[in-house]
Amino acid sequence: MRAVLDTNVIISALLFRGETARLHLLWKKRAFVPVASKEVVEEYLRVLAYPKFKLTEREIKDIIRTELLPYIEPVPVTGEPDVVCEDLDDLKFLACTEAAKADCIVSGDEHLLSLKKYKGCLS
């Protein structure tokens, strides 16, 4: 299974305990493959740098290098998704989903969840 993980899911899985932390273990066990475009990874980096997480630049690079990049399948995105989206920030996840032909989007975002299904992919 190939899945696009939105930023809140990735941050929760990497930094906190709880249900989403199980996702971290599952992708490390290769139970599913997280897929991400350059734009999606850039957003992960940007959000990890938020002051509230109190991570140094080195810690962020280490997290990405050891906990994420070895497990992510990079996906080149060449176009815009063909969808009307309430939150333009979500377009990068939809474009990645389409380019990767992902099986699902894992998200808690109400705008993404409201789509329920996108290009055969469940959210």
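Within segment 1-14, the set of residues being surrounded by fewer than 21 Cβ atoms within 10 Å (Cβ to Cβ) and without any contact (Cβ under 8 Å) to a residue 40 or more places away in the chain comprises just one member, S12.
The set of residues from segment 79-106 being in a loop (DSSP other than H, G, I, E, B) and modelled with pLDDT under 85 comprises G79, E80, P81, D82, V83, V84, C85, E86, D87.
Once segment 5-42 is narrowed to residues that are under 16 Å from T66 (Cβ atoms) and not aliphatic (A, V, I, L, M), the residue that is farthest from the chain's Cα centre (by Cα) is K29.
Out of (1) more than 12 Å from the chain's Cα centre (by Cα); (2) part of a helix (DSSP H, G or I); (3) modelled with pLDDT of 90 or more, the odd one out for L45 is which? Answer for L45: the failing condition is (1). Before we move on, is K61 crowded, with 19+ Cβ neighbours inside 10 Å and part of a helix (DSSP H, G or I)? It is false that K61 is crowded, with 19+ Cβ neighbours inside 10 Å and part of a helix (DSSP H, G or I). On inspection, V35 passes the criterion of being under 22 Å from G108 (Cβ atoms) and in contact with a Cys (Cβ under 7 Å, 6 or more places away or on another chain).
The values are calculated or read from the model by the stated rules, or taken from the named source; none is laboratory data. All values reported here derive from a predicted model rather than from experimental measurement. Quick reminder, even Gly has a Cβ in these numbers, built from the backbone with ideal geometry, and neighbours come from all protein chains shown.
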